[in-house]
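Taking it in order: structure first as structure tokens, then the write-up.
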Amino acid sequence: TTQASLTLHTTELAGLRQATDTIAHSLQALLERLPSPPTAAPAPSPPAEATSVPPFKASTVSHTNIPRPALPDAYDGDRAAGERFLQSCITYIQLSGEAFTSDVLKIAWILSYMKTGRASTYVLRVFHCPGGVNSFDDWEAFEKDF
């Protein structure tokens, strides 16, 4: 029946919201535990991956002097707020230096803030795809799909 289906989907959505919250808290805890970069000469950088979200370059400022950027607000899928949400996420990623080492990590982190409304439906669709977050070829593919 429709009511049973609605109840089942509501329960599944609540479980996914809880999982998303857990992922968000875990990612934040990992970010907070990252060590400060060494003060010695930096190691050569690996080849830059093609992405529209380059890491923040603060060559003259030590990591400990950079203020911690604000976390983005949770996103509910409101199309009018979508660009602002994505830009808030990109800003955080850029200011977090090398904390986001791959496009997959960036995408998963952003999805963890998409908890309600249309956004949670989008997250469900991503995770039901074969490969889940890995189903995006790169950052540009995610940004275009978003």
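Evaluate region 124-134: report whether one residue or more is in a loop (DSSP other than H, G, I, E, B), closer than 19 Å to residue 75 by Cα, out of contact with any Cys (no Cβ under 7 Å at 6 or more places or on another chain) and in contact (Cβ under 8 Å) with a residue 24 or more places away in the chain. So far as region 124-134 goes, no, none of its residues is in a loop (DSSP other than H, G, I, E, B), closer than 19 Å to residue 75 by Cα, out of contact with any Cys (no Cβ under 7 Å at 6 or more places or on another chain) and in contact (Cβ under 8 Å) with a residue 24 or more places away in the chain. Among the candidates 42, 47, 35, 72, the residue that is more than 17 Å from residue 142 (Cα to Cα), modelled with pLDDT of 85 or more and either open to solvent by 70 Å² or more (accessible area, probe 1.4 Å) or in contact with a Phe, Trp or Tyr (Cβ under 6 Å, 6 or more places away or on another chain) (or both) is uniquely 72.
The values are calculated or read from the model by the stated rules, or taken from the named source; none is laboratory data. This one's a predicted model, so the numbers in the text were calculated from it and none came from an experiment. As a convention, Cβ positions derive from the backbone with ideal geometry for all residues, glycine included, and neighbour counts pool all protein chains shown. SASA here: full protein model, heavy atoms, side chains in, ligands and nucleic acids out. Shrake-Rupley method; radii C 1.70, N 1.55, O 1.52, S 1.80 Å.
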